[in-house]
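What follows is one structure encoded as structure tokens, with my remarks underneath.
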Amino acid sequence: MSRRVLIKTLPLHSNYGGILQAYALQRVVRDLGYLPVTDTSKPLPLQRRLRRRLWDVRRGIRMSLPARFDWRWRSAREATASQRAFIARHITGGSFVERAYTRRGRALLARRFRTFVVGSDQVWRASYADLPAQFLDVVDDLDGDRPRRMSFAASFGVDDIAEYRDGDRARVAELIRKFDAVSVREAAGVRICRDEFGVHAEQHVDPTMLLPADHYRQLAARAGVAPAPATGRLLVYRLDANDHLERTERELAERLGVPSLELLPTGGPSPSYREYAQNRSAYDLPSIEQWLACFASADFVATDSFHGCVFSILFNRPFVVYANASRGASRFDTLLGIFGLEHHLTSASSTAVDERVFAPDWASVNRVLDAERSRALAYLTANL
């Protein structure tokens, strides 16, 4: 059988966790002896595909013009240049699924891939993903031998599928029952698969946790990033404004006696290009490698990000995390529960930070991580 594997995930933009989970899963699959390609295309009807191609031409023309003809759009693109550079260097990608809505595209997909993997991140959350495309509906139309379908650490993001439309529920139930193996990231996902779709699912950690911390340190070092940019700092990685988290950050900085380091730029949404060019540092997002180096070297981390929580654990950095309900709170419950770190979770109802967050039992955490990593790799080895 072909060793080529197509990994279907969400489109990659400037989301650090989304990019790193795609990188990690592809790297792990490659290390197991396969030839993975990550497909992040968005299946679109013919009319929308044609419209998007026209937009691509228009974008090329605009990028060739002097900046004064294209202020705001260009500033947003340049501010995220480092993320796109990382994707281009480290993730082998393609748009095979998007093309599979034509006969020629389906033939190409069938010829190149006989194993399809969905994962990871919130690929099965209706408000984020294209359903039923993320359950590999396109594979139904492929000619030849039956292809292998599986998921790894796929996430519904939330505790139920209330966001699913009735028609999607029925179609998803039909498609997921054709999977050869189902792996989800959260305990809630195991229950959803059982109760809503009648299928057995295993629960595994996020693919970023399958690579050791030293792998990410070396990734940053090879990019020439300063090895310890957050030493002696309280690293603040905040996705959404939140009064409680900001108050907690101030209390932590005072308690630790260290200054804070905001990981994301403080300039807000990209302004006109003229304003952006005058103060790029206020808007440019740090590179993936800089992001990793900051987590690896921080004295303490305060975050509302799932992957901020993941990398704090990977790098054995003390942390507190605010469960961002709008982005999916069940993810934090499962992750922290696996490692016995539930006391690191803070919320609007919390009155104080638990004292145990300042001295985690990292030896115990790392033993659990080794076991989870071995279990996940065994699942991939058995099912790819």
Top-ranked residue of segment 1-23 - restricted to ones that are over 10 Å from the mean Cα position of the chain (by Cα), open to solvent by less than 10 Å² (accessible area, probe 1.4 Å) and not basic (K, R), ranked as farthest from R111 (Cα to Cα): I7
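Being hydroxyl-bearing (S, T, Y) and either surrounded by fewer than 21 Cβ atoms within 10 Å (Cβ to Cβ) or in contact (Cβ under 8 Å) with a residue 60 or more places away in the chain (or both) is the filter here, so list the residues in segment 121-163 that pass it. Even if it seems obvious, please write down each step before you answer.
Taking segment 121-163 first, the residues hydroxyl-bearing (S, T, Y) are 127-128, 151, 155.
Correct list: S127, Y128, S155.
Looking at S326, S330, S349, which one is out of contact with any Ser or Thr (no Cβ under 7 Å at 6 or more places or on another chain), in contact (Cβ under 8 Å) with a residue 60 or more places away in the chain, farther than 27 Å from R30 by Cβ and open to solvent by 50 Å² or more (accessible area, probe 1.4 Å)?
On the way: S330 fails: open to solvent by 50 Å² or more (accessible area, probe 1.4 Å); S349 fails: in contact (Cβ under 8 Å) with a residue 60 or more places away in the chain.
Of the residues listed, the single one that is out of contact with any Ser or Thr (no Cβ under 7 Å at 6 or more places or on another chain), in contact (Cβ under 8 Å) with a residue 60 or more places away in the chain, farther than 27 Å from R30 by Cβ and open to solvent by 50 Å² or more (accessible area, probe 1.4 Å) is S326.
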Failed item, numbered, when D370 is tested on (1) outside any loop (DSSP other than H, G, I, E, B); (2) in contact (Cβ under 8 Å) with a residue 12 or more places away in the chain: (2)
Selection count, segment 291-323, where residues are of a type in the set (A, V, I, L, M), open to solvent by less than 10 Å² (accessible area, probe 1.4 Å) and free of Cβ contacts under 8 Å to residues at least 60 places away in the same chain: 1
Residues that are out of contact with any helix residue (DSSP H, G or I) (no Cβ under 7 Å at 6 or more places or on another chain) and open to solvent by less than 60 Å² (accessible area, probe 1.4 Å), drawn from segment 218-238: G232
Test set (1) touching a Lys or Arg at 6+ places or on another chain (Cβ under 8 Å); (2) not in a helix (DSSP H, G or I) - E196 fails condition number: (2)
Criterion (of a type in the set (A, V, I, L, M, F, W, C), part of a helix (DSSP H, G or I) and either touching a Cys at 6+ places or on another chain (Cβ under 7 Å) or closer than 24 Å to P229 by Cα (or both)) met by exactly one of V357, V321: V357
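Of all helices (runs of 4 or more DSSP H) completely enclosed by segment 1-111, which ones contain at least 1 residues that are of a type outside the set (G, A, S) and modelled with pLDDT under 90?
Numbers: elements: 16-31, 46-64, 71-79, 81-90, 96-99.
The helices (runs of 4 or more DSSP H) meeting that bar are 46-64, 71-79, 96-99.
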Residue check for A241: open to solvent by 10 Å² or more (accessible area, probe 1.4 Å), of a type in the set (A, V, I, L, M) and part of a helix (DSSP H, G or I): no
Residue check for L239: more than 27 Å from R373 (Cα to Cα) and touching a residue at least 12 places away in the same chain (Cβ under 8 Å): yes
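The values are calculated or read from the model by the stated rules, or taken from the named source; none is laboratory data. Worth saying up front: this structure is predicted, and the values here are computed from it rather than measured. No Cβ is skipped: glycine too gets one built from the backbone with ideal geometry, and neighbour counts run over all protein chains shown. In case anyone asks, the SASA skips ligands and DNA or RNA and just uses the protein heavy atoms, side chains included. Shrake-Rupley method; radii C 1.70, N 1.55, O 1.52, S 1.80 Å.
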